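Structure first, then comments.
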Amino acid sequence: MRKILLSACVAVLLAATQAASQLPVVDLSDRAVETLIPPEFDDGFFNRIGTIVIRDDGLWVLDAGQRRVFRFDTEGRLVVAFGRQGNGPGELLWPSALRVDSVVTIPDMRQMRVSRFTLDGEHLETRRVSGPVVPSGGLAVLRNGVTVYATAVRYTMSSSGVGGDPNGHVTVGFSGSSRADTIASLQGGVVMWQSAGEMSLFRAGFGDAGAWTTMGDSAIVVADGITGTISVFTVPDSPGMETDTPRLSVDSVTMGIAGHPVTGADRERAEADFRRDNPNVRGRVTFAGWPSYWSVAVSLLVSDDGKVWARRIVYGDDRQHWTEVDLHGPPRQQVILPERFSLRAIAGGRLYGVARDELDVQRVAFLDLR
């Protein structure tokens, strides 16, 4: 796979070592979230809420557990629900995202295909996409036949030891072409252990070393969780004249913070957590694949006004910590959210997400950012 050709100048990066404390912090952790859609509604219910999309015509929820899409009006009333589990036309097995514009687009990682529906839930088409990798880390389809495939970490374990790839890769494919460009390789946040013939993986809590998302159907946003750099790869309005495939342009900005190194004490604490969660594992344990840095970008969201939000890891804190980044100006702020609230969308000065009660029952809720 060839490295991607860049047609735009890369913006000058600010110092990546800028301390997190230099960004203002907005602490919303004591603020009560307001329920927008309860766990049960109009003969429906939530199972495992994935993507949430906020539009002028209401709110859209992809329930990855049920393989269904729910559309609500601005008052929170159910308008339509569609989709179901299966491998037939319009059926889903592993929906990884939801995009709503003139139609509803849902990529399915398990089946390597994308389904489109009208805004009222009528199935329009289901077509397969071909790519260079199996998209275990995400799948997205953009304009001009550009498809994004992401893999997760793939360790292999056998009697001869441990091998494989500790990185996840974000790769761009082009319709009608064999060309495929890897635009990012990000170390995963899992650690591998081996003891007395047993082998497995566990999450050390330092986070994947980066994340990616899409901006509508026109751009791919990639964050490096170590350096704190965000790069935006833009798909042109029309394919390039000199080739049969479009060339992506890229611009980069800094988040204003960077990941700090994982210390020996950090690893000892993570190993203690591992042994607490795995009391049957005794004796000497061999660990491999430790992440080198605490990540400042384990997931990404794009707000309705084009700001990029990156979630960072803070050890021992169950609250979500996010950094808001202006792609056209200086870094903005850090935001701390209440426990049991997971951010899914930012629109109109509100933070929309999934709130969970003590029994982990999910509902759609929001916070006012200002």
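The values are calculated or read from the model by the stated rules, or taken from the named source; none is laboratory data. What you see is a predicted model, and the numbers here were worked out from it, not measured in a lab. All Cβ positions, glycine included, derive from the backbone under ideal geometry; neighbour counts span all protein chains shown. Please note that ligands, DNA and RNA were not included when accessible areas were found on the heavy atoms of the full protein model with its side chains. Shrake-Rupley method; radii C 1.70, N 1.55, O 1.52, S 1.80 Å.
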Check your understanding: Across region 303-321, what is the number of residues that are on the phi > 0 side of the Ramachandran plot and either aromatic (Phe, Trp, Tyr) or touching a residue at least 40 places away in the same chain (Cβ under 8 Å) (or both)?
Key -> 1
**Study point:** Condition broken by THR227, with the remaining ones in (1) open to solvent by 30 Å² or more (accessible area, probe 1.4 Å); (2) at pLDDT 95 or above; (3) on the phi > 0 side of the Ramachandran plot satisfied
**Key:** (3)
Review point. Among (1) buried (at least 21 other Cβ atoms within 10 Å of the Cβ); (2) at pLDDT below 95; (3) of a type outside the set (Ser, Thr, Tyr), which single condition is ARG275 missing?
Key: (1)
Review point. What tally of residues in region 317-367 results from selecting those that are in a strand (DSSP E or B), open to solvent by less than 60 Å² (accessible area, probe 1.4 Å) and over 22 Å from SER96 (Cβ atoms)?
Key: 15
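Residues checked against (1) open to solvent by less than 40 Å² (accessible area, probe 1.4 Å); (2) under 17 Å from the mean Cα position of the chain (by Cα):
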residue	(1), (2)
ARG127	no, no
VAL141	yes, yes
TRP193	yes, no
ALA196	no, no
GLY207	yes, yes
Revision key, fill the gap. Given (1) open to solvent by less than 60 Å² (accessible area, probe 1.4 Å); (2) touching a residue at least 24 places away in the same chain (Cβ under 8 Å); (3) of a type outside the set (Phe, Trp, Tyr); (4) assigned to a loop (DSSP other than H, G, I, E, B), LEU300 misses just (4)
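Residues are listed down the side, and each one gets a yes or a no for (1) within 16 Å of GLY207 (Cβ to Cβ); (2) β-branched (Val, Ile, Thr):
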residue: GLY289; (1), (2): yes, no
residue: TYR315; (1), (2): yes, no
residue: THR323; (1), (2): yes, yes
residue: GLN333; (1), (2): no, no
Practice item. Among the residues of region 160-178, count how many are closer than 16 Å to VAL134 by Cα and either open to solvent by less than 30 Å² (accessible area, probe 1.4 Å) or in a strand (DSSP E or B) (or both). Key: 10
Study note, to complete from the structure: Exactly one of ARG84, ARG55 is among the charged types (D, E, K, R) and under 24 Å from LEU300 (Cβ atoms), and that residue is ARG55
Exercise for review: Report whether or not VAL262 is of a type in the set (A, V, I, L, M), under 20 Å from ALA288 (Cα atoms), modelled with pLDDT of 90 or more and open to solvent by less than 30 Å² (accessible area, probe 1.4 Å).
Suggested key: yes
Review point. Mind checking which residues of region 20-49 are assigned to a strand (DSSP E or B) and either open to solvent by less than 20 Å² (accessible area, probe 1.4 Å) or among the aromatic types (Phe, Trp, Tyr) (or both)?
Key: ILE37, PHE41, GLY44, PHE45, ILE49
Practice item. Go through (1) at positive phi; (2) modelled with pLDDT of 95 or more and name the single condition GLY90 misses. Key: (2)
Exercise for review: Out of ARG269, ARG282, ARG319, report the one residue that is touching a strand residue (DSSP E or B) at 6+ places or on another chain (Cβ under 7 Å) and either charged (D, E, K, R) or under 26 Å from ARG344 (Cβ atoms) (or both).
Suggested key: ARG319
Check your understanding: How about region 78-108: which of its residues are closer than 21 Å to PRO39 by Cα, in a loop (DSSP other than H, G, I, E, B) and either open to solvent by 50 Å² or more (accessible area, probe 1.4 Å) or in contact with an Asp or Glu (Cβ under 6 Å, 6 or more places away or on another chain) (or both)?
Key -> ARG84
